[in-house]
Every structure is written in structure tokens, then in C-alpha cells.
1. Just need a number here: residues in the stretch 10-19 that are assigned to a helix (DSSP H, G or I) and open to solvent by 70 Å² or more (accessible area, probe 1.4 Å).
2. Considering (1) of a type in the set (A, V, I, L, M); (2) outside any loop (DSSP other than H, G, I, E, B); (3) modelled with pLDDT under 85; (4) open to solvent by 70 Å² or more (accessible area, probe 1.4 Å), say which one ALA69 fails and leave the rest.
3. Give the stretch 1-41 a look and list any residue that's small (Gly, Ala, Ser) and at pLDDT 85 or above, or say none.
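The values are calculated or read from the model by the stated rules, or taken from the named source; none is laboratory data. Keep in mind it's a predicted model, so treat the numbers as computed, not measured. Because the Cβ atoms are built from the backbone with ideal geometry, glycine has one as well, and the counts that use them run over all protein chains shown. Note: accessible area is taken over every heavy atom of the protein model, side chains too, but ligands, DNA and RNA are not part of it. Shrake-Rupley method; radii C 1.70, N 1.55, O 1.52, S 1.80 Å.
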Amino acid sequence: MGTGGGASSRSLRDTPTWALATVCFVIITVSIFIEHLIHLVCNWLKRHKQKALFEAVQKLKSGSFQHLASTLCP
């Protein structure tokens, strides 16, 4: 936990572009995967006539997920 010049104390300005691009790619890929998973859950709920759960997932999709995405990528 010192203030030495280790790799963990590298500033964002000194971080290679490929590393930042990789982190952004992973965040976007996970976000798209979660969105697709929510879409599949909605379709399953529609087929099995689970109206209350479908509405709950729709609320989650419209509000909380967008808030989470905006929190991760300001």
C-alpha cells in the first residue's frame, strides 16, 4: 500500500489505449448479453402467460438497467 511506482499506481493518461478499449469492449459485451437475456426472459414469460412477472421485468428493463448502464459508463 505504498506510493511506489508499481503498475497499480498508473494513471489513466499512462494506460495503453488497447487496455482501455478492452475494458470498454468487455463492459459493452456484458451489457448486450444481459439485455438479450432479459429479452429471452420476457419472451418466456409471455409464452407461459406470467403477466405480473412480465410487467416486473419490463419495469426492470426500462428503469434499473438503464440506470446501471449509465452508472458503469458515465
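1. The number of residues fulfilling the criteria is 5.
2. That leaves (4) as the condition not met.
3. Result: ALA19, ALA21, SER31.
Residue-wise test of (1) exposed (fewer than 12 other Cβ atoms within 10 Å of the Cβ); (2) aliphatic (A, V, I, L, M); (3) part of a helix (DSSP H, G or I); (4) over 21 Å from the mean Cα position of the chain (by Cα).
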| position | (1), (2), (3), (4) |
| --- | --- |
| VAL26 | yes, yes, yes, no |
| THR29 | yes, no, yes, no |
| GLU35 | no, no, yes, no |
| VAL41 | no, yes, yes, no |
| LEU45 | no, yes, yes, yes |
| VAL57 | no, yes, yes, no |
| SER62 | yes, no, yes, no |
